[in-house]
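For reference, the structure is listed below as structure tokens.
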Amino acid sequence: MFVTKNLYQNDEAWKSKPLGNSSETIGGWGCLLTSVTMMLNGIGYNETPLTVNEKMKNAGGFQGAFFIPSVLPYVWPNCAYRDMQPCETSPAPIALIDAAVEAGKPVILQVDWNKQAGIQTHFVLVKERKGDDYSLYDPYKYGGDGPDKDVLLTTRYKYNGAKLASEISAVLWFNAYSTTPPEPPKVEKVPVPADKFVIYAAEDDLALRADPSVGGYLWKRMLVETELICLEPKAQAKSKLGVQGQWIQVQDPNGDQGYVAAWFVSEQKGKPAATTTISTPAAAPAPAKPGAAPKPAPAPAAAPVPPGALALFPTEELSFRTQPVIAPETLIRRVPPSEQLISLEPANQASAKVGVQNQWIKVRDTSKKEGYVAAWYVKYAGGSTAQAATTAAPATGGANKVKTTVEMVSLRNQPVVSDASLIKRVPINYEFTITEPGGEAKIGANDKWIKVKDATHEGYVAAWFVSR
């Protein structure tokens, strides 16, 4: 059961306010905004649709009236957005929804709110399982609705068979890092050095923490290319850049201070971090005893990384297993969030799994050991490790469509990574139409760009972040 207070998009306090960067209103189109607000309050925050609307606008969390859930962790660090799983043409994953709700995790569902042809999109937050149905926190208040009245999904939304498996057309998976966000520590601000040394976030989701450790209080998460001022002597900070296990004290553009992982930052904007590790000298081998049996031959080398394989990082400490099965006997060890893992599956196969519940990815850890990790607990390491182009099959007719395979993919007015070229960022599974001849042949290539368009813009996307 997920516990929160019911809020309504058509509340007089905000129903007439503009939704996001549009002329639409919260009352008319704010169902996802309001469901997310209830979800945030259930994991320890104190928000209203008005405050969430404003904070998401400031963080770039809207495209017009379109709400971008993947931006949420950058504003509310205790919130982990996993994925939006479409199921309009397939049965909804009821067993997975049940397991999440039973564990007290928030799940938002897309349903059809009227009988017109097609899906008339509405979003609701699941409260608990009730027999063959779900009790909801419905963000739209109908006559008679109130905190003491159960709203059942298939009783209210029954235009596609009145069964859970067919009425749910998409699932938004969320999690929280703790049941309630910890109290922020009290810290004194450090003066910015006169000899200002600037570094940049080398990937999205970079954490700014109160202490130099992965357990330090999480102030916020930042987007790739965020400019950071080092609060340490330049020489000291430069010696840490790219080094696993090192932290650098910084100040972000808003004046907030804390520590960032040195292996996720770069001295050059738009350049990946040059990651290195601190190694210790190996101990000399002990001399063999007379008559001792010869040492066994070394194990065969691990399989080479497939073309286009991706580098991944855990979103939290996770289990590294011999098989894609959760059981005591399959556990190899626990992998910390700071350790990079290399996918041993083709990029298009791994991309489709990242962040998806009940999927597993075969990976190699830093010690060259191979195993499996839960795909819903990993994220991309900036997409910079795709190693070779892959060629897509030619289209069989009609417009050539591609979909983004990761969150926050950039649409640019030139095939160049820079602030000046950015048009907007789009979520995972966002669809574009290819507008250049032969563009489909570039899909998956790690050094190519494809000219595309959507309903409002035309520009370029990185070919390694899209698939058919």
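As a rough guide to protection, the peptides 223-234, 359-370 ranked by mean Cβ packing within 10 Å, highest first, stand as 223-234, 359-370.
Remark: the stretch 189-194, residue by residue, has Karplus-estimated 3J(HN,Hα) of 6, 9, x, 6, x, 4 Hz, where x stands for each Gly or Pro and the curve is 6.51 cos²θ - 1.76 cosθ + 1.60 at θ = phi - 60°.
If a/c stays under 1.5 just call it rounded; otherwise compare a/b with b/c (prolate if a/b is bigger, oblate if not). Do that for the stretch 198-266, with a ≥ b ≥ c from the square roots of the Cα gyration tensor eigenvalues.
Working: a/c = 1.27, a/b = 1.15, b/c = 1.10.
Taking the square roots of the gyration eigenvalues as a ≥ b ≥ c, the stretch 198-266 is rounded.
Starting from the Cα gyration tensor of the stretch 401-467, take the square roots of the eigenvalues, sort them a ≥ b ≥ c, and report rounded, prolate or oblate (rounded when a/c is under 1.5, otherwise prolate if a/b is larger than b/c, else oblate).
Working: a/c = 1.25, a/b = 1.17, b/c = 1.07.
Because its axes are fairly even, with a/c under 1.5, the stretch 401-467 counts as rounded.
In percent, how large is the relative contact order of the stretch 26-176, given Cα pairs closer than 8 Å and 6 or more residues apart? Once divided by the residue count of the stretch 26-176, the mean separation gives 28 percent.
Amide H contacts of Leu318 (H built 1.01 Å from N, in plane; Pro and chain starts excluded): Val335 sit under 5 Å, all sequence-distant by 5 or more or on other chains.
Across the stretch 33-40, computed HN-Hα scalar couplings (Karplus, 6.51 cos²θ - 1.76 cosθ + 1.60, θ = phi - 60°) run 3, 6, 4, 5, 4, 4, 4, 4 Hz from first to last residue, x flagging Gly and Pro. Among the listed pairs Lys158/Lys451; Lys186/Lys424; Lys5/Lys353; Lys189/Lys238; Lys149/Lys186, those whose Cα-Cα separation exceeds 31 Å are Lys158/Lys451; Lys186/Lys424; Lys5/Lys353; Lys149/Lys186.
Does the stretch 311-380 come out rounded, prolate or oblate, given a ≥ b ≥ c as the square roots of the eigenvalues of its C-alpha gyration tensor, rounded meaning a/c under 1.5 and, failing that, prolate meaning a/b above b/c? Working shown, then result.
Working: a/c = 1.37, a/b = 1.21, b/c = 1.13.
Rounded is the answer for the stretch 311-380, as its axis ratio a/c remains below 1.5.
With a cut-off of 20 Å on the backbone N, the residues of the stretch 254-268 near the modelled label site 7 Å out from Val198 along Cα-Cβ are 254-262, 264-268.
For a quick check of your reading of the filter: which GluC sites (Glu not before Pro) in the stretch 98-194 sit in a DSSP loop and have no more than 12 other Cβ atoms within 10 Å? Before the final figure, lay out each step's value.
Details: sites: Glu102, Glu128, Glu167, Glu188; in loops: Glu188.
Answer by residue number: Glu188.
Which of Ser90, Ser410 comes first, and how do the rest follow, when ranked by fewest Cβ neighbours within 10 Å? Least to most surrounded, the residues fall as Ser90, Ser410.
Put simply, the amide H of Gln9, placed in the peptide plane, has neighbours under 5 Å in Tyr140, Lys141, leaving out anything fewer than 5 places away on its chain. Among the GluC sites (Glu not before Pro) in the stretch 23-73, those placed in a DSSP loop whose Cβ has at most 15 other Cβ atoms within 10 Å are Glu24.
Say R0 is 35 Å: what FRET efficiency, to the nearest 0.05, do Thr48 and Arg334 get from their beta-carbon distance?
0.35
Relative to the Cα centre, what is the charge dipole magnitude of the stretch 198-266, using +1 at the beta carbon of each Lys and Arg, -1 at the beta carbon of each Asp and Glu, and rounding to the nearest 20 debye?
On the way: 6 positive and 9 negative charges, 51 e Å.
The calculated dipole for the stretch 198-266 is roughly 240 debye.
We did not get these values from a lab; they are worked out from the coordinates using the rules stated. Keep in mind that what you see is a predicted model, and the values were worked out from it rather than measured. A quick note on method: Cβ atoms are made from the backbone with ideal geometry, for glycine too, and the neighbour counts reach across all protein chains shown.
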